[in-house]
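Scroll down for the structure; my scribbles are underneath it.
Each value in this text was obtained by applying a stated rule to the coordinates, not by laboratory testing. Owing to the predicted nature of the structure, the values given are computational and were not obtained by experimental measurement. All Cβ positions, even for glycine, are placed from backbone atoms using ideal geometry, and neighbour counts span all protein chains on display.
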């Protein structure tokens, strides 16, 4: 997995990171779609990928290192598989620990102000599976992250959803992965 950013001293990175992907998959070796998504974008020098389950298998998050990485990014991407209509536990913990009062929100907090947030999620089910009652599924499912973005004065971008990770035709998955790449390439236009 050459695309995994290891624990490094982020002060060595002098330039601003345009795109920071926070990748959270508890079983990355079992995820062909998420791996394909990461492989598709990994050659882009403007993208840094931080794989939470590789960096923090013990769930002991280095908050300062994560905040430094986020500080340097213009676009923050949260990429993960859908887990019971939510994110995997380590991503939720990452948000809880990294988005601290006084840094991410609260009086005088500017660390996340005007940064963009993109939710990139994969699902095992097709689009119709996520229609919940009379409401479109993903607008409901996105509300916690959307509200987090608003609360932290971030710019929320429409999510990228790759449906049918288990059963979709290869052409469909390829098309969805290319859409993800195109969204990252043109995110400033969103």
Report task. Can you tell me how much longer the chain between residue 85 and residue 139 gets when fully stretched, taken as 0.36 nm per residue apart minus their C-alpha distance, in nm with one decimal? Result -> 18.3 nm
Report summary line: Per principal axis, largest first, the Cα atoms of segment 15-121 extend in Å by 42, 29, 23
Query - Global geometry of segment 119-190, whether rounded, prolate or oblate, following the gyration tensor of its Cα atoms and the 1.5 cut on a/c - result: oblate
Report summary line: Length-normalised contact order of the chain, Cα under 8 Å, at least 6 apart, in percent, tallies to 22
Requested in this report: Classify segment 47-94 as rounded, prolate or oblate from the Cα gyration tensor: take a ≥ b ≥ c as the square roots of its eigenvalues, call it rounded if a/c is under 1.5, otherwise prolate when a/b beats b/c and oblate if not.
Outcome: oblate
Report task. Classify segment 61-130 as rounded, prolate or oblate, taking a ≥ b ≥ c as the square roots of the eigenvalues of its Cα gyration tensor: rounded when a/c is under 1.5, otherwise prolate if a/b is larger than b/c and oblate if not. Result -> prolate
Query - Relative contact order computed over segment 75-134 (Cα-Cα under 8 Å; 6+ residues apart), in percent - result: 47
Query raised in the report: Can you give the calculated 222 nm mean residue ellipticity of the chain, where each DSSP H run of n ≥ 4 adds -39,500 (n - 2.57) and the sum is split over every residue, rounded to the nearest 500 deg cm²/dmol?
Result: -9500 deg cm²/dmol
Query raised in the report: Label-point separation (nm) for residue 147 and residue 189, each offset 7 Å from Cα along Cα-to-Cβ?
Result: 3.4
Report summary line: Here the convex hull volume per residue of the chain, taken over Cα atoms and given in Å³, is 122
